[in-house]
2 protein chains.
Amino acid sequence: MASRTGDTREEIVRLGMEFIQTYGYNAFSYADIAKKLNIKNAAVHYHFPGKEDLLIEIVGQYIQRYHDLARALEAPGLTSRKRIQAFIDRYTTLCDQGKICLIGSVGSDYFTMPETVKKKLGELVELVLGMVEGVLRDGKKKGEFSFPETPRVRALLMMTNLAAGVQLARITGQKDYKAICNSLVKQLADT
Amino acid sequence: MASRTGDTREEIVRLGMEFIQTYGYNAFSYADIAKKLNIKNAAVHYHFPGKEDLLIEIVGQYIQRYHDLARALEAPGLTSRKRIQAFIDRYTTLCDQGKICLIGSVGSDYFTMPETVKKKLGELVELVLGMVEGVLRDGKKKGEFSFPETPRVRALLMMTNLAAGVQLARITGQKDYKAICNSLVKQLADT
DNA sequence: GAAAAAACTTACTACTTAGTAAGTTTTTGG
DNA sequence: CCAAAAACTTACTAAGTAGTAAGTTTTTTC
């Protein structure tokens with residue numbers, strides 16, 4: 001009865017991620033997923049016995065996406081500016097969809113998360129921070145960027161600006177988010 | 001049977017705020033509050049018929065606290081640096097308690113919130129941003145601060161750094177949060 | 001095309017959720 | 001000290017939650 005195209009399993013993960021980034025982890029149920037996919041509750045449990053299993057898979061796929069992005073950014077011929085813009089664009093896409101960063105979403109419910117998920121979230125954060133840090137360090141070395149902080153701290157600042165920026169955009173609208181993005185780019189400018 | 005000291009009503013609000021900032025809005029129940037106060041479920045409903053009513057009161061009191069802070073910062077004899085530090089200190093206190101900013105917490109579950117709460121959240125954000133913006137503008141005028149952005153954008157940047165900073169601290173520890181704080185202060189330095 | 005494995009549905013459990021109606025205790029004010 | 005208002009408790013509902021066991025359909029594989 002479900003959509004014949006593709007994998008039900010993948011659809012569950014896709015929807016789960018969408019729900020987490022839209023409503024939060026503790027605000028969606030297996031029933032919500034089942035309803036949207038026109039399958040029964042138990043079918044979701046067949047693929048992911050517990051909500052914890054689903055969450056682990058979601059975070060895992062999110063990590064995979066960032067690995068892919070990190071890989072893509074290693075391509076030669078890209079300026080550091082374009083590399084950092086690709087990172088910012090990820091958040092802008094989220095913002096346009098009314099979603100928020102997975103890290104920010106799960107960060108709010110962090111203490112309700114199982115230990116296995118907490119560990120994977122640590123992995124995810126280090127991956128993202130490391131990626132941005134690398135781009136910033138490289139850009140600074142090449143004289144494309146100029147900033148007073150260490151690349152690590154600059155990465156922290158950018159990431160927190162973007163993560164909270166998309167959350168804030170829900171409340172105050174996108175104008176403030178855009179202002180943040182513009183400022184972030186300017187701050188890196190080689191003056 | 002409940003604590004004889006003070007108001008049950010106030011205790012409910014206090015606990016509700018604590019739960020929201022620790023576990024998230026959709027991760028605590030009236031039963032959790034009742035249990036901690038040694039009262040029955042229905043007693044909580046007596047003071048706040050619905051969860052929405054409680055949430056409105058919580059956000060209202062949070063707004064009041066920021067009004068009080070804004071008032072306190074108007075006292076003469078305070079340097080702009082001390083004023084902005086008082087703002088940062090609020091977040092540091094949260095961070096030390098493992099809590100996160102109410103705005104950040106509710107931002108994750110934003111689309112599950114009733115309209116009345118969304119409106120009050122807009123109020124809260126404008127209040128906080130306006131307060132920080134005022135301090136920054138004043139400090140710049142007096143030559144205490146030096147930054148290239150408008151005070152509004154600088155306020156946005158600081159607030160998002162702090163809000164996401166305390167969330168991140170749950171995952172990566174307080175070291176990164178401290179680095180953010182240090183950097184924020186330095187960025188305002190009159191070089 | 002039959003056996004076997006995968007992907008489901010049906011039908012259920014045990015628990016938690018917000019919320020309410022009616023009665024009881026406690027506090028307060030005249 | 002007594003009436004009335006406030007602050008509860010008891011006992012319940014209706015709906016939603018994650019999760020499971022057993023049976024059915026669909027798909028794959030040989």
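The values are calculated or read from the model by the stated rules, or taken from the named source; none is laboratory data. Being a predicted model, the structure only gives us computed values, none of them experimental. A quick note on method: Cβ atoms are made from the backbone with ideal geometry, for glycine too, and the neighbour counts reach across all protein chains shown.
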(request) Please state which one of A:150, A:92, A:160 is at pLDDT 95 or above, closer than 26 Å to residue B:17 by Cβ and not aliphatic (A, V, I, L, M). (result) A:160
(request) List the number of the failed condition for residue A:79; all other conditions in (1) within 16 Å of DNA strand D (Cβ to nearest atom); (2) away from chain B (no Cβ under 14 Å); (3) in contact (Cβ under 8 Å) with a residue 60 or more places away in the chain hold. (result) (1)
(message) Restricting to region A:21-42, name every residue that is assigned to a helix (DSSP H, G or I) and within 14 Å of chain B (Cβ to nearest Cβ).
(response) A:21, A:22, A:23, A:25, A:26, A:27, A:32
(message) Given the criteria within 14 Å of DNA strand D (Cβ to nearest atom), over 14 Å from the mean Cα position of the chain (by Cα) and over 24 Å from residue A:23 (Cα atoms), does residue B:51 qualify?
(response) no
(message) With the structure loaded, tell me whether residue A:45 is in contact (Cβ under 8 Å) with a residue 60 or more places away in the chain, over 20 Å from residue A:108 (Cβ atoms) and either out of contact with any His (no Cβ under 6 Å at 6 or more places or on another chain) or part of a helix (DSSP H, G or I) (or both) or whether it fails that test.
(response) no
(message) Let me spell it out: the conditions are (1) under 15 Å from the mean Cα position of the chain (by Cα); (2) surrounded by fewer than 22 Cβ atoms within 10 Å (Cβ to Cβ); (3) farther than 15 Å from residue B:85 by Cα, and residue B:131 meets all of them except one. Which number is the exception?
(response) (3)
(request) Return yes or no: is residue A:98 at the interface with chain B (Cβ under 10 Å from one of its Cβ atoms), touching a residue at least 12 places away in the same chain (Cβ under 8 Å) and part of a loop (DSSP other than H, G, I, E, B)? (result) yes
(message) Can you say whether residue A:116 is loosely packed, with under 14 Cβ neighbours inside 10 Å, more than 7 Å from every other protein chain (Cβ to nearest Cβ), part of a helix (DSSP H, G or I) and without any contact (Cβ under 8 Å) to a residue 12 or more places away in the chain, as far as the supplied structure shows?
(response) no
(message) Between B:12, B:20, B:33, B:84, which is at pLDDT 95 or above, away from DNA strand D (no atom under 14 Å from the Cβ) and more than 30 Å from residue B:141 (Cβ to Cβ)?
(response) B:20
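Could you check region B:24-43 and list, in sequence order, the residues that are buried (at least 19 other Cβ atoms within 10 Å of the Cβ) and within 30 Å of residue A:19 (Cα to Cα)?
Selection gives B:24, B:25, B:26, B:27, B:28, B:30, B:33, B:34.
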(message) I'm told residue B:112 meets every condition in (1) away from DNA strand D (no atom under 16 Å from the Cβ); (2) at pLDDT below 95; (3) out of contact with any Asp or Glu (no Cβ under 9 Å at 6 or more places or on another chain) except one. Can you identify the failing condition by its number?
(response) (1)
(request) Please enumerate the residues belonging to region A:101-113 that are touching a residue at least 60 places away in the same chain (Cβ under 8 Å) and facing chain B (nearest Cβ under 8 Å). (result) A:103, A:104, A:105, A:108, A:109, A:112
(message) Looking at region A:49-87 only, could you name the residues that are of a type in the set (S, T, N, Q) and assigned to a helix (DSSP H, G or I)?
(response) A:61, A:64, A:80, A:85
